[in-house]
């Protein structure tokens, strides 16, 4: 193990968040460098959401005379932050509307790179959200009293399992291990479970999920964090029920492994439901059953967060951007997006009404998780992207065998303390 301590300067070089925190005052928009025809609106969002959005765009384009172009986005909030902050810091934005993550939006808002939306989104849209979601808006969706992002996702890590192969899922961490040993065949690439735990926030996502089941505070590097990290290590190394190469895996690769019949149960975001249904030759409801997350030392748990639409303060077509974000988040269009991609399903009144009595798996799971008190708030840090990177920098040392758990936790505390300076 290389025991050299990271300096604050070295650490901040690992993320674009540092630049975002150091630049523009609130809502400052320098002169546009991007010259583009003003009848075009560019929307940056993950590619798996494109089909659902394309289905509703004809109505918008006919009503406004605008043309919407879609650009793909990454699935990691930290990678997304690096990408967009680099463009914004250069005084430009290639995009008019952007899907921003919990990691990126608070940083971008504090840097002044997101336009306030209070006068853009009508009150009837905000009233469509449940109070529990609205309570999170000041932390994750706004800054200094202004709302800069509108949720389009209610992301809970659901526990998918192969009911057709294993019958009932494990209900505790102990059962994960016992069942995992029976189900796994490492020599033939068959695993009880997996997750995408590559660097760039995906490892953080999974460790925070496990920590929600220990009652810990992952940004405190406490005992609950230690229990969660040890459990992941044991699944990989001690019991060999979780593939070691998951440390280089993204969500697409995770899904492929599951749909290749080589994983029996896994945590995954709700978009996987639509991905599975899209493979009509493979899909069957019993292949993607959803159960409660296995209970850890503090019981069952899974935190919620999500992505949301923003308008860059640098948007080349500001007027068109405001019209598009107002349209996409409206009470009439939000249910259509949810019907087209499970990623867009949220507990908004309009969406729940549209799915009433339809037996939608994600809507049903959302209700089950709410009834069983599974859903936990996402851990918050004012410098979330950097804090998540600090967690990964530190705890990955233990996961990869470069440090003891105690050393990794201490490194994490030091890195997180530097963010308070």
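The values are calculated or read from the model by the stated rules, or taken from the named source; none is laboratory data. The structure displayed is predicted, hence computed values, not measured ones. For neighbour counting, all protein chains shown are included, and Cβ atoms are generated from backbone atoms with ideal geometry for every residue, glycine included.
Descriptive notes on the structure:
- Scan of segment 89-133 for residues that are loosely packed, with under 14 Cβ neighbours inside 10 Å and under 22 Å from residue 331 (Cα atoms), ordered by number: 118, 119, 122, 123, 124, 127, 131, 132
- For segment 320-337, a residue qualifies if it is without any contact (Cβ under 8 Å) to a residue 24 or more places away in the chain and part of a helix (DSSP H, G or I), and exactly one does: 335.
- Screening residue 74 on (1) modelled with pLDDT of 95 or more; (2) under 16 Å from the mean Cα position of the chain (by Cα) shows it passes everything except condition (1).
- Criterion (modelled with pLDDT under 95 and farther than 13 Å from residue 409 by Cβ) met by exactly one of 202, 232: 202
- In the condition set (1) assigned to a loop (DSSP other than H, G, I, E, B); (2) touching a helix residue (DSSP H, G or I) at 6+ places or on another chain (Cβ under 8 Å), residue 280 is compliant with all but (2).
- For segment 288-300, a residue qualifies if it is in contact with a helix residue (DSSP H, G or I) (Cβ under 8 Å, 6 or more places away or on another chain) and assigned to a loop (DSSP other than H, G, I, E, B), and the qualifying residues are 292, 293, 294, 297, 298.
- Qualifying residue in segment 300-314 (condition: more than 20 Å from residue 271 (Cα to Cα) and in the same structural domain as residue 274 (by TED's automatic domain parsing)): yes
- Residue within segment 106-128 that is under 20 Å from residue 270 (Cβ atoms) and touching a strand residue (DSSP E or B) at 6+ places or on another chain (Cβ under 7 Å) present: no
- Selection of segment 179-221 for residues being in a helix (DSSP H, G or I), touching a strand residue (DSSP E or B) at 6+ places or on another chain (Cβ under 9 Å) and more than 24 Å from residue 75 (Cα to Cα) yields 179, 180, 181, 182, 183.
- Residue 212 fulfils the conditions (1) surrounded by fewer than 24 Cβ atoms within 10 Å (Cβ to Cβ); (2) closer than 18 Å to residue 265 by Cβ; (3) touching a residue at least 60 places away in the same chain (Cβ under 8 Å) except for a single criterion, (1).
- One residue alone among 340, 308, 299 is on the phi > 0 side of the Ramachandran plot and touching a residue at least 60 places away in the same chain (Cβ under 8 Å), and that residue is 299.
- Selection from segment 361-384 of residues that are surrounded by 15 or more Cβ atoms within 10 Å (Cβ to Cβ), part of a helix (DSSP H, G or I) and either touching a residue at least 24 places away in the same chain (Cβ under 8 Å) or in contact with a strand residue (DSSP E or B) (Cβ under 8 Å, 6 or more places away or on another chain) (or both): 361, 362, 365, 366, 369, 384
- Test: residue 387 is under 18 Å from the mean Cα position of the chain (by Cα) and assigned to a helix (DSSP H, G or I): yes
- The set of residues in segment 380-421 being at positive phi and at pLDDT below 95 is empty.
- For segment 55-66, a residue qualifies if it is in contact with a helix residue (DSSP H, G or I) (Cβ under 6 Å, 6 or more places away or on another chain) and not in a helix (DSSP H, G or I), and exactly one does: 66.
- Test: residue 414 is in contact (Cβ under 8 Å) with a residue 40 or more places away in the chain, surrounded by fewer than 19 Cβ atoms within 10 Å (Cβ to Cβ), farther than 27 Å from residue 115 by Cβ and not assigned by TED's automatic domain parsing to the domain that holds residue 204: yes
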